[in-house]
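For reference, the structure is listed below as structure tokens.
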């Protein structure tokens with residue numbers, strides 16, 4: 001960093017704009033995610049085949065309708081990554097490194113959805129011509145090394161580089177609410193950027209925030225410090241410039257925006273600008289890319305070059321805005337506005353979030369790895385690692401490392417069809433939940449195979465055991481024995497379930513419950529009641545139910561769900577007002593029994609067991 005003037009050296013009498021303080025949030029602690037290793041391919045800059053024209057501002061003013069430009073011819077030996085012969089940060093700076101092979105971030109779907117999904121499209125914020133009487137885009141100024149520097153009163157001086165700044169006469173400034181001023185000292189290799197840059201009536205300059213960058217360095221700003229951008233990042237390296245598009249390839253990431261962001265930032269960002277803590281919102285600095293499946297053929301050349309750059313280098317989230325996917329660029333009269341407008345065909349769902357932390361060498365440096373050896377995919381734990389081949393489909397938790405969205409998981413046993421996991425949920429790069437549909441599958445020790453979309457695979461031999469029970473499978477069954485003939489009606493319920501259940505949960509259909517194995521329950525009023533029995537053992541829970549109709553004429557019928565049949569429909573004999581026998585089975589064939597009373601009462605009872 002440059003040696004900068006302290007706040008005490010700046011005049012304090014210059015008035016500030018009140019709008020500044022309300023538009024730049026205070027920072028706090030950052031949030032970052034853990035690295036995910038992958039292997040990017042780094043393309044070296046190629047030489048342009050035709051001379052490039054760099055438009056250098058002379059003595060123009062943003063108050064004029066047109067910007068006066070001086071055309072400077074750049075020789076054929078100039079690299080596309082340069083601007084007026086200046087390298088914009090080293091080639092291994094994260095802005096200049098491809099991310100087309102980086103893994104998809106586990107939160108990608110959440111981020112895209114919170115940014116508007118299909119309702120938001122890519123929107124270039126740079127064109128030829130004028131917008132509200134001024135050039136449309138973010139311009140930059142190129143000054144000589146001996147450009148006189150002036151003091152700037154900066155509102156957020158405690159997070160800014162306080163100057164002085166080499167502001168030329170009548171500088172180019174972005175003409176919207178941000179008033180970004182970008183200055184390149186081409187001889188000394190420094191970049192100066194200001195936000196809310198406003199020249200006061202007395203000729204002095206004020207700004208909301210400011211930052212100075214050594215263009216040959218990968219140094220990042222102090223942690224939690226802002227810059228002229230909300231993410232604490234430089235603006236210039238993310239601008240789309242006509243010269244590079246005309247040369248056929250952009251070799252850097254593009255600056256973009258979101259409607260709302262998270263109160264967090266990830267490398268290489270240093271600052272956030274939100275109070276939202278919901279992790280479904282993207283953090284500042286989040287990298288996105290246009291999906292490789294997006295078809296760019298048929299688009300105009302200018303749009304296609306930008307699209308291909310967003311596939312290879314992606315976009316970096318750097319600011320909040322009224323819309324997501326605003327793309328930043330430099331105004332230029334050579335832009336084909338109709339071609340640029342076709343970028344609006346890109347929907348938010350055509351992007352995906354990318355995890356680039358595997359490229360990070362040091363958290364305080366923007367230097368990125370230019371060759372990365374992928375770390376092996378690991379699988380350290382499977383819980384549970386066995387289940388029976390009947391009943392409920394088991395839910396399984398997998399722990400390991402480098403799990404990514406789109407991962408494939410299946411069980412393999414020689415001679416048997418593979419069993420593919422369902423409901424795969426990559427909750428993080430280290431934790432996955434899924435289901436194995438093993439009902440009816442062959443018992444044995446099955447291998448678990450996990451494969452990432454990038455081809456990395458891990459196999460755990462005999463990692464999951466499918467078993468079958470030697471005892472009868474658990475199945476819920478029951479019947480009821482009425483104990484009285486008139487209301488209130490008392491019924492003894494008998495559990496007849498198989499599979500040795502160890503827990504019971506009865507629901508008598510009238511708001512009452514029981515956990516006894518064979519409960520007695522009394523119905524005080526006639527009606528239709530659905531009786532349910534849920535039984536469980538150590539691994540499986542299953543239920544059965546019957547519909548009981550109790551009328552005010554003391555006729556009782558049970559309509560069951562057909563789980564089983566009455567095995568011994570013997571005669572029902574009334575003794576001393578008791579009705580005995582398996583008369584209310586939860587799974588019987590149609591049968592009717594008229595009780596024979598040795599001590600008859602005035603009213604008789606018919607027990608109808610219906611299917």
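Where a number appears in this text, it was derived from the coordinates with a stated rule and is not lab data. The structure presented is a predicted model; accordingly, all values stated were derived computationally and were not measured. Glycine gets a Cβ as well: all are built from the backbone with ideal geometry, and neighbour counts include every protein chain shown.
Quick notes on this structure:
- Across every pair of non-identical alpha carbons in the range 232-281, the mean reciprocal distance, once inverted, gives a Kirkwood radius of 12.9 Å.
- Looking at the range 121-170, the pairs of alpha carbons with a distance over 17 Å make up 60% of the total.
- Here the range 261-382 is treated as an ellipsoid with the same Cα gyration tensor; its semi-axes, largest first and in whole Å, are 29, 20, 15.
- The distance linking the range 78-153 with the range 345-388 is 24 Å (Cα centroid to Cα centroid, whole angstrom).
- Gyration tensor over alpha-carbon atoms, the range 158-273, equivalent ellipsoid semi-axes in Å: 22, 20, 15
- Taking the range 90-199 and dividing mean pair separation by its residue count, relative contact order in percent (alpha carbons under 8 Å, at least six apart): 19 percent
- Relative contact order of the range 378-467, defined on C-alpha pairs under 8 angstrom at six or more residues apart (%): 34 percent
- The range 260-315, Cα convex hull volume normalised per residue, Å³: 102 Å³
- Taking every Cα-Cα distance in the range 475-514 and sorting them into 10 Å bins starting at zero, the pair-distance distribution P(r) comes out as 23, 51, 22, 4 percent.
- Orientation-averaged projection of the range 120-223 equals 8.7 nm² [convex hull of Cα atoms, one quarter of hull surface area].
- Per residue, the Cα convex hull of the range 364-453 amounts to 120 Å³.
- Among 432-445, 305-318, 239-252, 396-409, the peptide with the highest mean count of other Cβ atoms within 10 Å heads the list, and the full ranking is 305-318, 239-252, 396-409, 432-445.
- Restricting the calculation to Cα atoms, the range 320-389 shows an Rg/Rh of 1.20 when the hydrodynamic-style radius is the Kirkwood one.
- Binned Cα-Cα distance frequencies in the range 199-346 - 10 Å width, integer %: 11, 36, 32, 18, 3, 0
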